[in-house]
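Since every read-out is calculated from the coordinates, none of them should be taken as a lab result. Owing to the predicted nature of the structure, the values given are computational and were not obtained by experimental measurement.
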């Protein structure tokens, strides 16, 4: 292909996962021998799990230690990756001669206009990747790609969503958004950019909702970017106001004369054990042992005693992160999960093995393939999820990480007063995000964007769809 196309070569320069894998000495010999053959080198460590490690376990530019110095072995340009989100870090990698080009897959998913914003000197407008790997999960679950930061990802053609531009408003209307979590913030920002007059109210003293709480858990600090980006954008919009410590009631919401109300009041964790294993409240008896939920722990509540049992029937990041938090606070922690591994769903984000290793190294007692069948006064009755064999685990308190319930009281109250809407000028009320259906942060952000995009969509039960479909026809 000489003269017709450039040939790039990606090569693994460190196989840390394998005891007898390629090491630095060997890769230097390989590059010394083959260095001038391709037109471009792409140096990466290990497997995809090493290459696309989550922010919970590594900061940006984590691959620097493996690629530093290799560029000197070839005259051909070198590109590298490492979830670069800071323009300063990107510039440093080039100026120090570590790389010639910056590769940014996940950061470009989060913000396809990343290069332009750097070029135009607008780093504050960059939608920084949070490193959660929800984008990767689509590959493992055989589902459309999603991005926590960029809800337009995968919807550019299907719904005509653009990552930067928004359709102008269809009418001079006012929207009340109740709840400043990921769904509420996204809805308020997108509506504001469409030109609507928006009032965002939040009952607490902090904007961000669940993101503000979960970003304080071990390893999840970068997740606060979900709130930070949207708050930064909202601060530039004169047509969006926000108010803290405003616990809205249906009476108040109706009295202000808004045309539309979006209820984004989030969800709460259940304390009755209902989840994937126990599907009804009456199947797991609870006696006198103190019960905690993730909401309690994230709000600062700590149990009395020295030993806490964690029942993780959620299977994502929450159970492991809270177990790690409690262990760091000095508690003995025993974690039970019905699955064969801890945090089983994180296989889809390529971090399950790291989570399990971290919990083991922290001294947390793991009981996999184990479900809690009853909470007694001073112990838990458990059972093997394969054989049903019963056992007991002593504890001073139990943290139930099971399922969540929509915090939809305001939504239901407004629906109950539907007959009053016309007199108050109210046209629509919708629950969005976790207030509609508790899910991932990415799903909540997506729901906020959808609400803003479809505000004027018809609300009847017609067969019309607000998105394009690929339809095949037989000849």
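Observations
- Anisotropy class of region 93-139 from Cα gyration tensor, a/c 1.5 cut: oblate
- Overall form of region 399-475 per C-alpha gyration tensor (a/c, 1.5; a/b vs b/c): oblate
- Note: region 119-219, Cα convex hull, 157 Å³ per residue.
- For region 8-103, convex hull of alpha carbons as volume per residue, Å³: 88 Å³
- Base-10 log of normalised Debye intensity for region 187-253 (one unit scatterer per alpha-carbon) at q = 0.27 Å⁻¹: -1.16
- Percent of alpha-carbon pairs separated by more than 25 Å within region 330-475: 57 percent
- Rg(Cα)/(2.2 N^0.38 Å) for region 330-391, N = residue count: 1.21
- Over region 269-403, equivalent-ellipsoid semi-axes from the Cα gyration tensor in Å: 20, 18, 14
- Sum of -39500 (n - 2.57) over DSSP H runs of 4+, divided by residues of the chain (222 nm, nearest 500): -7500 deg cm²/dmol
- For the chain, the calculated P(r), taken from all Cα-Cα distances in 10 Å bins from zero up to the bin holding the longest distance, is 4, 17, 24, 24, 18, 10, 3, 0, 0 percent.
- The ellipsoid equivalent to the alpha-carbon distribution of region 47-162 has semi-axes of 26, 18, 12 angstrom, derived from the gyration tensor eigenvalues as √(5λ) and listed largest first.
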